[in-house]
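Asks: Shown below is the structure under consideration.
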Amino acid sequence: MSLLLPHLIIHLLLLTMVTGEILRPRFYSETCPEAESIVRNEMKKAMIREARSVASVMRLQFHDCFVNGCDGSVLLDDTPNMLGEKLSLSNINSLRSFEVVDDIKEALEKACPSTVSCADIVIMASRDGIISIKSDIKMTFGRSPPQKKGKHFNN
């Protein structure tokens with residue numbers, strides 16, 4: 001796990017650099033100074049409700065950033081004029097934790113209306129989820145390879 005955290009952080013940083021926009025760490029420091037603490041607190045609540053929230057939000061970020069850059073489009077619902085990505089064939093029954101982003105957005109809107117983008121919420125939530133699980137994970141080893149192999153034994 002100790003090597004995993006730096007790789008995940010570098011992954012997040014590289015994803016944000018791909019867009020070509022001028023991005024900076026404290027972008028909301030003047031317009032919504034409490035934005036990052038709100039996201040952090042909401043992620044903690046989400047993790048208490050559902051342990052898989054960190055992985056799910058990271059997956060949302062992955063799917064959002066690897067198609068057209070980190071634009072939040074994976075969060076879009078269908079409208080009468082547009083098919084959103086949320087229910088597209090490639091995402092339906094695959095992505096979850098949209099409600100985590102919705103909860104974070106609701107909390108941010110109360111504090112700083114129309115200020116923090118959904119794309120940035122996904123990035124911050126993913127980062128804060130990774131940071132929150134940074135402790136070492138104890139694992140046991142010594143498993144033997146399977147004695148019976150092949151597709152026949154898996155069905």
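Asks: With all distinct Cα pairs included, what does the Kirkwood hydrodynamic radius of the range 40-113 come out to in Å, to one decimal, could you say?
Replies: It is 13.1 Å.
Asks: Subtract the Cα-Cα distance of Ser117 and Ser88 from 0.36 nm times their separation in residues, and report this length gain in nm to one decimal.
Replies: Contour length minus Cα-Cα distance gives 8.3 nm.
Asks: List the residues, sorted by chain then number, that are 5 or more residues from Leu95 or on another chain and whose placed amide H is less than 5 Å from its amide H.
Replies: none
Asks: Measuring from a point 7 Å past the Cα of Ser73 along Cα-to-C-beta, which residues in the range 106-125 have an amide N at less than 16 Å?
Replies: 118-120
Bear in mind these aren't lab numbers, they're just calculated from the coordinates by the rules spelled out. Small disclaimer: the values here were computed from a predicted structure and weren't measured. When we count neighbours, we look across all protein chains shown, and the Cβ atoms used for this are built from the backbone with ideal geometry, even at glycine.
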